[in-house]
Amino acid sequence: MIAELVLGIVFLFLLWRTFFRKPPGLPPGRWGLPLIGYIPLTMKTVEEQLHDMHKQYGDIFLWRMGTQVMVFLNDYKLTRAAFSSTDFINRPDWTLFNFFEEKALGVAGSNDSQWKNNRRFSLRQLRDMGMGKSKLVAAVQTQATVLVKELKKQAGEAKPFPHALNVTIVNVIWQMVGGQQFDLTDPKLIEFERIMKDLFASMVPFSVPDFLPWITYILPKYFLNHVFQYGFLEDAKERILQFFFSEIEEHRATLDRDNPRDLIDGYLIEMDEKQVDPDVTCNDTDLSILILDLFLGGGESTKGILVWMSYYLATYPEVQRRMQEEVDEVLPKGTLATLEDRIRLPYTEAVLHEVLRKSSLVNLGVQHVAVRDTELGGYIIPKGLIISSAAETMHHNPHYWDRPDEFLPERWLDHEGKFTNSKKEGFLPFGVGKRSCLGESLARMELLIFSTALMQSLSFSHPPGKKIHLRPEPNNPFFRNPQMQDIVITVRH
Ligand code: HEM
């Protein structure tokens, strides 16, 4: 009897050690149960819970979600060290990143030579296209003018931002990718936006099996198809690929190898050279996914920052007034900014940086994965653990920021009023290291040109008797999107 009891205890202990206990050496955090991970019993948002965990565990902690062990980095130096190293350079093997092909293509979700090749190519394209008086700069200026015109139409009314904001941002990417800009009512644009919306909608539920892969073995196929809407996703995938394929075909038919017009031309010209590397897939599907990555990466993010900026300016009218004074002084009416004007617009730069800091829009960034067993912050990080940086926590850390909760553009200026430094310690709105934002230079140009064009002609204020919410949309811990809400636009005379 005693022997059986002892054996039973030993068995339970081994079971616990093997399956239930967090392996020693890993960062502290929430471990939970095998297969399902840690399910919190709380009404708090994920962001609030991550704040609590930061207080409880420190700058590096983990949370097992389903079968995925997610490690969160809350310290700037730790994040910079991790993301500058090749140990964490890859994206996880999630369906979110490779849902078109088994091997992830494009740039945002791909790895190894595929990623290196596409990243290098895209950066070169962006650099060549975005310089001086290029077509891309002209496109940003044109779209900023369109936006101002559209916003004037709702002057005096309390309304959310119009759809034109989406279109103007999307048009800048279309200029870069396909050398064209669409009118707000162009049927081709409307079709493109419809497909993108469907694709977005189908991607969210579709990520669940990445965290709970076992459900695909135990639940009947028809049930999974119904819940995760695989049919809807397949349809949206097919439609977006066909949309880009026909764009690529049109480019191929009119290609002049000596005069590339845009990124599609550039890719078609380089296609033959890249074909030589057996590790790199270089075809119309890869190009389509690369284009999609640029729309997904550069659309909602740039739009979100402009909306956040208008909310902060409506909330802090004194900041808005100072920004308008500077813009009026530097850019005569009817003149739009170029990158060369940046140096003469230090206060505008300060406001944009403070908006990037306070909003921390891409909060948990895009996930990385440990490519090999390694070590970070004194802990063991086995291959396969998912790594996220927590930008919002770093952007509010008193170690880096004096009065971090306050909106203070002045913190970016020196005593002579000159803009200090966009690469401040503790600041990483575009990520850091080898996989940092590919479109940062374009985004910075867009923010400068759009914001100055808006300030030349318009003012933002809150609806009478109402406050503007400066909290992000709830329920999306990864992106701190601004809540869509009413704002009043006034035309400046
Ligand atoms: C204000 C606007 C933007 C913000 C705040 C932003 C922020 C970010 C962040 C935080 C990342 C993740 C970095 C990481 O994985 O560690 C990222 C990646 C990326 N962004 Fe942006 N982004 C913006 C605009 C753009 C634009 C305009 C484009 C292109 C048109 C773009 C394209 C991309 C791509 C392709 C990646 C993936 C890079 C890779 O995996 O190598 N982004 N961005």
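The values are calculated or read from the model by the stated rules, or taken from the named source; none is laboratory data. Not measured: the values here are computed from a predicted model. All Cβ positions, even for glycine, are placed from backbone atoms using ideal geometry, and neighbour counts span all protein chains on display. Side chains included, ligands, DNA and RNA excluded: accessible areas come from the protein's heavy atoms. Shrake-Rupley method; radii C 1.70, N 1.55, O 1.52, S 1.80 Å.
Laid out as a table, the results:
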quantity: Sequence-distant residues sharing a close amide H with L73 (under 5 Å, placed H); calculated: S388, S389, A390
quantity: Most positive-pole-ward Cα, M271, H51, I89, against dipole of the chain from beta carbon charges; calculated: H51
quantity: Farthest positive-ward along segment 44-491 dipole, Cα basis, beta-carbon charges - from G179, N476, T348; calculated: T348
quantity: Unit charges on C-beta of K, R, D, E only; dipole of segment 337-465, Debye; calculated: 380 debye
quantity: Computed label-point distance, nm, for sites M484 and D186 using a 7 Å Cα→Cβ extension; calculated: 2.2 nm
quantity: Spin-label pair S422/L123, simplified geometry with 7 Å Cα→Cβ offset, distance in nm; calculated: 1.6 nm
quantity: Gain upon complete extension [H469, A253; 0.36 nm per residue less C-alpha separation]; calculated: 72.8 nm
quantity: C-alpha long axis of helix 187-206 to longest principal axis of the chain, angle in °; calculated: 20 degrees
quantity: Charge dipole (the chain, unit charges on Cβ, about Cα centre) - positive-most of I386, G106, P463; calculated: P463
quantity: Carbon and sulfur %, accessible surface of the chain computed with the full protein complex present, 1.4 Å; calculated: 58 percent
quantity: Contour minus Cα-Cα distance for Y400 and E48 (0.36 nm per residue); calculated: 124.6 nm
quantity: Coil-residue GluC sites (Glu not before Pro) of segment 364-417, DSSP, other Cβ within 10 Å capped at 15; calculated: E406, E416
quantity: Computed magnitude of the charge dipole of the chain (debye, nearest 20; Cβ of K, R +1, Cβ of D, E -1); calculated: 1080 debye
quantity: Solvent-accessible area of L296 with every protein chain in place, 1.4 Å probe, in Å² to the nearest 10; calculated: 50 Å²
quantity: Segment 127-232: relative contact order as a whole-number percent, Cα under 8 Å and 6+ apart; calculated: 19 percent
quantity: Accessible area in square angstrom per residue, segment 44-491, 1.4 angstrom probe; calculated: 44 Å²
quantity: Alpha carbon Rg of the chain, scaled by the compact-globule rule 2.2 N^0.38 Å; calculated: 1.05
quantity: Trypsin sites (Lys or Arg not before Pro) within segment 146-211: DSSP coil, no more than 14 neighbouring Cβ in 10 Å; calculated: K153
quantity: C-alpha long axis of helix 46-57 to longest principal axis of the chain, angle in °; calculated: 60 degrees
quantity: About the Cα centre, charge dipole magnitude for segment 40-153 (Lys/Arg +1, Asp/Glu -1 at Cβ), debye; calculated: 780 debye
quantity: Eligible lysines near K383 by straight Cα distance, threshold 27 Å, same-chain separation 8 or greater; calculated: K22, K55, K77, K103, K116, K434
quantity: Qualifying GluC sites (Glu not before Pro) in segment 283-335, DSSP loop, other Cβ atoms within 10 Å at most 14; calculated: none
quantity: S134-D279 pseudo-label distance in nm [points 7 Å out on the Cα-to-Cβ vector]; calculated: 2.8 nm
quantity: Angle between the chain longest axis and helix 135-152 axis [Cα atoms, degrees, rounded to 10]; calculated: 80 degrees
